[in-house]
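Single-structure report; data block below.
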Amino acid sequence: MLLVYSVSRFAVVRFNGATHQDGVFGLLFAAPIVPADRGPDALPLWHVPDLNDLLLHVFLLHEWNPDAWHRIDGSYWTLPVQVAAFAAAALLWRSKLHRRVRATVVLWAAMAVSAVSPLIREFAGTLPDATGMNRAYLFAAGVAIWLWQGRRLPTNQLVPLLCVTLLLQYLRTLPPVGPVVLGFAIMLGAMCAAARGPDWDVPVLRVFRRPISWLAGISYCLYLVHQQLGYILARALSEAGVSPWWLRLSIVLGAAIVLAWLLTVLVERPAHRALSGRRPPARSESRPKPQPESPVEAAVPVKETS
């Protein structure tokens, strides 16, 4: 968040043809100095985030602000939704309710909450969006596929849940609705195929196994840095005269991947180790392989969990 905020402050002020006020406070927090006449050919102004925007985003309160113009990064609407969903799942598990309430009841309840959230918005304002109620159906769909993959949810429950998910997505999608919902349906089908389908262990796909696994390992940090910083870099390249779109796109993708890797290595993994109390394994230490206790175990490869 601090990285995206600082880069936005530094770059967007210059995109707007403005200047920062003096000092560190002027650079990071004060309102920029915008010329009265920007010229007839000036591009539309980009929003310059301020201290209020930063604090709202750091404390995950930005979705309570109905003005989307103040988003530091447009994709960060998902952050409070994720926290709400994960907190609800943790409380459900901690209270042992998952042993007394069937998973299908919880999934359908999440769908119902999403379905009535537009009505709640009429008298509660931003409450459904800020708490994740409006998008709870997306988490319900993901959990349903995960339970179905583990043979803990029957297919006759999964199909209606995914159909309701498509219906709610249709009702919440801005034009063009058809292509968006079709793409969403294809994505859900691909997720189901990946969850329960056979693994294609063929030479062509085997080559991409390690790169895809590596990208999966940095995927959350890639989500955190790709959008706003990507927009800024793309505009900077365009203004610098990098005209081929494919070259700009390649540079933006490469930069996003490098930044995501750095964020994963320097922030996410150390934070996870600190919170979990684990120490990174020493490079010189070699972990002995466990000996199989039976022919069945010898035939099945042992998978390490992180």
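The values are calculated or read from the model by the stated rules, or taken from the named source; none is laboratory data. Everything numeric here is computed off the predicted structure, so don't read it as measured data. Here the Cβ positions follow ideal geometry from the backbone for every residue, glycine too, while neighbour counts run over all protein chains shown. Note: areas computed on protein heavy atoms with side chains; ligands, DNA, RNA excluded. Shrake-Rupley method; radii C 1.70, N 1.55, O 1.52, S 1.80 Å.
Descriptive notes on the structure:
- Of R210, R121, R278, the one that fluctuates the most in a GNM where the chain has Cα springs shorter than 10 Å: R278
- Helical runs (DSSP H, four residues minimum) scored at -39500 (n - 2.57) apiece and divided by the length of the chain put the mean residue ellipticity at 222 nm at -20000 deg cm²/dmol.
- Percent RCO, i.e. relative contact order, over the chain, from Cα pairs under 8 Å lying at least 6 residues apart: 13 percent
- Accessible solvent surface per residue of the range 175-218, calculated while the other protein chains remain in place, 1.4 angstrom probe, Å²: 77 Å²
- Length-normalised contact order of the range 98-219 in % [C-alpha pairs under 8 Å, at least 6 apart]: 20 percent
- Accessible area of the range 1-148 divided out per residue, in Å², using a probe of 1.4 angstrom: 57 Å²
- Rounded percent of accessible protein surface that carbon and sulfur make up, the range 105-220, 1.4 Å probe: 72 percent
- For A68, net neighbour charge (Lys/Arg +1, Asp/Glu -1) across residues whose Cβ lies under 14 Å away: -4
- Cα gyration tensor shape for the range 126-235, rounded if a/c is under 1.5, else prolate or oblate: oblate
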